[in-house]
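*Asks:* Quick one: this structure, given as structure tokens, is what I'll be asking you about.
Every read-out reported here was derived from the displayed coordinates using simple, explicitly stated rules and does not represent laboratory data. Just so it is clear, the structure is predicted and the values come from calculations on it, not from any experiment. Cβ placement follows ideal geometry from the backbone for every residue including glycine, while neighbour counts extend to all protein chains displayed.
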Amino acid sequence: MVDEAICLGCGAPLQSSDEDKPGYVPASAIGKPDALCKRCFRIRHYGEFLLMTVDESTYQAQVSQIFDRPGLVLYVVDVFDLAGSLVPNLARFVLTSEVVVVVNKVDLLPERVQYTRLAEWIREQVERTRVPVSDVLFVSAEKQIGMEQVLQLVEWETER
């Protein structure tokens with residue numbers, strides 16, 4: 001069985017039939033190592049974020065995989081757009097998993113921010129959606145702040 005080629009950036013299966021769907025690459029890029037879909041390519045090289053619409057059945061199929069394979073779920077949210085980062089109906093898929101909320105872009109917060117209070121507020125907001133939160137971690141993917149802690153958590157989980 002041949003593994004399906006996926007985008008190195010977002011993990012979407014690569015396809016060359018519909019530019020408006022996730023994983024689009026020109027046909028010549030299919031099979032190339034380290035291929036990026038059109039959206040990830042534009043993000044990486046031009047800083048452009050293309051709107052990508054995923055139909056409801058594809059979305060449900062992807063999210064339901066969490067339920068099929070319980071374990072550690074890293075729920076990555078944007079500190080400046082928490083409401084927009086929350087995944088609708090996620091609670092029903094993660095009930096048997098450990099959920100760690102990873103709050104990104106903290107390098108842009110003012111120095112006076114009290115992280116303990118912010119963590120409590122974020123936990124409350126996420127748990128209002130019925131997603132059980134075991135921990136809240138703060139990171140900056142851009143500046144690599146807090147990423148070591150996330151990597152250690154993933155390593156520990158995969159070694160169990």
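*Asks:* Extending each Cα 7 Å along its Cβ direction at THR158 and ASP135, get the distance between those two points in nm, one decimal.
*Replies:* Using points 7 Å along Cα→Cβ, the separation is 1.6 nm.
*Asks:* Quick one: compute the contact order of segment 17-81, relative version, from alpha carbon pairs under 8 angstrom and 6+ residues apart, as a percent.
*Replies:* Relative contact order for segment 17-81 comes out at 24 percent.
*Asks:* Loop only by DSSP, 16 or fewer other Cβ within 10 Å of the Cβ. Give me the GluC sites (Glu not before Pro) in segment 83-137 that pass, ordered by residue number.
*Replies:* Of the GluC sites (Glu not before Pro), the ones in loops of segment 83-137 whose Cβ has at most 16 other Cβ atoms within 10 Å are GLU111.
*Asks:* Then there's this: For a quick check of your reading of the filter: which chymotrypsin sites (Phe, Trp or Tyr not before Pro) in segment 36-124 sit in a DSSP loop and have no more than 16 other Cβ atoms within 10 Å?
*Replies:* Hits after loop and neighbour filter: PHE49, PHE80.
*Asks:* Need one word for segment 42-160: rounded, prolate or oblate. Basis is the Cα gyration tensor (sqrt eigenvalues a ≥ b ≥ c); a/c below 1.5 gives rounded, then a/b vs b/c decides.
*Replies:* Rounded shape, in that the Cα axes give a/c under 1.5.
*Asks:* Work out, step by step, the length gained on full extension between ASP18 and SER64: first 0.36 nm times the residue separation, then minus their alpha carbon distance; give nm to one decimal.
*Replies:* Full extension of this stretch gives 14.2 nm more.
*Asks:* For segment 1-83, count all C-alpha to C-alpha pairs, find those more than 21 Å apart, and express that count as a whole percent of the total.
*Replies:* 40
*Asks:* Follow-up question, since we're still on this one. On a straight-distance basis, which lysines could pair with LYS143 in a cross-link, Cα separation under 23 angstrom, same-chain partners fewer than 8 positions away excluded?
*Replies:* Counting by Cα, and skipping residues close in sequence, LYS143 has these lysines nearby: LYS105.
*Asks:* Rounded, prolate or oblate for segment 84-150? Axes are the square roots of the Cα gyration tensor eigenvalues, ordered a ≥ b ≥ c, and the cut-off for rounded is a/c under 1.5.
*Replies:* The shape class here is prolate.
*Asks:* If you don't mind, another one. Expressed as an acute angle from 0 to 90° and rounded to the nearest 10, what is the orientation of the C-alpha long axis of helix 147-159 relative to the principal long axis of the chain?
*Replies:* Between helix and principal axis, roughly 80 degrees.
*Asks:* Would you please give the FRET efficiency between TYR46 and ALA83, computed as 1/(1 + (r/R0)^6) with r the Cβ-Cβ distance and R0 = 30 Å, to the nearest 0.05?
*Replies:* The pair TYR46/ALA83 has a calculated efficiency of 0.65.
*Asks:* Related question: Given only helices, namely DSSP H runs of n ≥ 4 each adding -39500 (n - 2.57), what is the per-residue ellipticity at 222 nm of the chain, to the nearest 500 deg cm²/dmol?
*Replies:* For the chain, the value works out to -10000 deg cm²/dmol.
*Asks:* In Å and whole numbers, how far do the C-alpha atoms of segment 50-108 stretch along each principal axis, longest first?
*Replies:* 36, 28, 15
*Asks:* Further, regarding this structure: Counting only C-alpha contacts under 8 Å and six or more residues apart, can you give the relative contact order of segment 33-160 as a whole percent?
*Replies:* Relative contact order here is 21 percent.
*Asks:* Kindly express, to the nearest 10 degrees and within the range 0 to 90, the angle between helix 56-68's C-alpha long axis and the longest C-alpha principal axis of the chain.
*Replies:* Helix 56-68 sits at roughly 60 degrees to that axis.
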